[in-house]
1. Please give the contour-minus-distance gain from ARG140 to LYS383: 0.36 nm per residue of separation, less the Cα-Cα distance, rounded to one decimal in nm.
2. Can you tell me the equivalent ellipsoid semi-axes for region 323-414? Use √(5λ) from the Cα gyration tensor, largest first, whole Å.
3. Sort 378-385, 291-298, 84-91, 333-340 by the packing proxy (mean of other Cβ within 10 Å over each peptide's residues), most packed first.
4. Accessible area, 1.4 Å probe, largest first: how do VAL94, VAL73 sort?
5. What ranking, highest mean first, results for peptides 27-35, 63-71 when packing means the other Cβ atoms within 10 Å averaged over each residue?
6. Just to be sure I follow: if Rg is taken over the C-alpha atoms of the chain and Rh is the Kirkwood radius over the same atoms, what is Rg/Rh?
7. What ranking, highest mean first, results for peptides 320-327, 103-110 when packing means the other Cβ atoms within 10 Å averaged over each residue?
8. So, for the chain, what is the accessible surface per residue at a probe of 1.4 Å, expressed in square angstrom?
Amino acid sequence: MKNSPELVSYGEIRRLKAELADVAAGKAFLLQGGDCAESFAEFNAKNLRDYLRVLLQMTMVLMYGTGLPVVKVGRIAGQFAKPRSSATEIINGVELPSYRGDQINAPEETLAARAADPERLIQVFNQSAITLNYLRSLARGGYASLNRVNKWNLDFVKNSPQGERFEDIANHIDHALKFIAATRLMPENLEALNEASFYTSHEGLHLAYEEALTRSNDEGNYACSAHMLWIGDRTRSIDEAHVEFMRGIANPVGVKVGPSTKVDELLKLIDILNPENEPGKLTLITRMGAGKVAELLPPIVRQVKASGKSVVWSCDPMHGNTEKTPNGYKTRKFNNILAEVKAFFEVHRSEGTVPGGVHFEMTGQDVTECLGGAQAISEVDLKQRYITACDPRLNASQSLELAFLLAEAIKANS
Ligand code: PEP
Ligand code: CO
C-alpha cells in the first residue's frame, strides 16, 4: 500500500477543511454518517446506493431546516476497525478474542475466525477504493440530482401520527426546488446540487494501515485513506499513539468527547491537535448520552469557547445511548437519540456557540436494530433484521425521520 495511489487527494482534503471552517463559523452544517463498522459480507452495490440515497435525502431535509449548505461526510470507504472495551469475551464458556472489525478478524464465534489476519488490510484497501469509486460515480453521474433525490420514499409517513407534518415539509421543499428551477437564476448552485460533493471519514484506529497510506509534500503529511479521520473516545488520552499520529497530519481531524472527558485534558488535546488554531481543522464530536448531555456538555462548551479555540461542534447521539435488551440485543432508542440531539442544540443556543453538525450510525437498509421511530420497532422485532457488524444503526426510515424531526426542531428554535 505504501506504493499504491492514495484513495483521496491533498486538494480534496484541503477543500473539506475549508468547508468545515464554514461549519465552525455557522455558515454550513455537517452531516456525518454511515455504518458503525463496514463489513466484507455486506459489500454490494445495492447497499451503497441505498446508503447514498438516504444520506442525500437527509441532506435535503437538513438544508431545509437549517437554511445552510450541508457538508456530507460518510462513515464509509475505510470504517472497518473497532475499538473494544475488553480484549476477550466468553462465548458458551469459551474465552475468545473480541471481534475488532473486518480489518483485523472475523465476527464468527470461533478461535480461528477471531485470529488477526494481516491480509485483511489489503481487502479493506480494495473494498474502500471500489466503494469510493462507486459513490463518486453515483454522486457525479446524476444519481444525486434534485429530481431523483426529491422522490421521497416516505413509506413510514403514511402510517405515522406525524405524517402530515412530514408531508408538509416535503411539499415545501418540493415547491422551493421547483421555484428555483423555474427561475433559471442559479445555474451554478443547481449544478452543485446535481453533482453532490461527498467526503469520506473513519476512526483512525489502525495506525499501521493509516501510516501506509500517508503521503507527504512540502506543506505536510496527508493521511490519504480518507478525507477526515477521528480519534475514538477510548484512544483520545494525550499520551496515546493515536494523538501522536493525528497531530502530524494536515487532514481535518475529529475527536469523540464522551462523558469521562476532563475539560483541562481536552483543552491540552485541542492545543496538540490544532496548535495554529486553524478553523475547520478540529471537530469535537460530543457523545454524552441523552440523560447526561444537559449536565456534562455546558461546562465543556463554555471553557472551549473561553479558550478562544476554533472548533466544529458535532453531536453523536448514538454512542452514549447504547443499551442491552433483556433478550440480548445491543440497541438504542430512537427517542433517546432524538433527545440527545435536541439537548445539544439547546446547550449551544444558550452558550452562544454554533451547533455545527451531527454524526449518526445509519444505513440505507430496512434493518431492525434501533427501537422506536414511526415504525415503532419493538424489542421482539429486533431479531427480524439485526445485521450490523457492531453497533445498532438507524435504518433508512428512522434516519430520514430523525432528519425531519431535527429540521423541525431547528426551525422552531431559529
Ligand atoms: C464509533 O464511532 O463507532 C465509536 C466506537 O465511537 P466512540 O469512540 O465514541 O465510542
Ligand atoms: Co459504533
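1. On the way: separation 243, 0.36 × 243 = 87.48 nm, distance 3.70 nm.
Result for the pair: 83.8 nm of gain on full extension.
2. 27, 13, 11
3. Peptide ranking by packing, descending: 333-340, 291-298, 378-385, 84-91.
4. Ranked from most to least accessible, the order is VAL94, VAL73.
5. In decreasing order of mean packing, 27-35, 63-71 become 27-35, 63-71.
6. Dividing the radius of gyration by the Kirkwood radius yields 0.94.
7. Ranked by mean Cβ neighbours within 10 Å, highest first: 103-110, 320-327.
8. I get 42 Å² per residue for this part.
The values are calculated or read from the model by the stated rules, or taken from the named source; none is laboratory data. In this text the structure is predicted, and so the values were computed from the model without any measurement. Here Cβ is always computed from backbone atoms with ideal geometry, including for glycine, and neighbour counts include all displayed protein chains. What goes into the accessible areas is simple: the full protein's heavy atoms, side chains included, and nothing from ligands, DNA or RNA. Shrake-Rupley method; radii C 1.70, N 1.55, O 1.52, S 1.80 Å.
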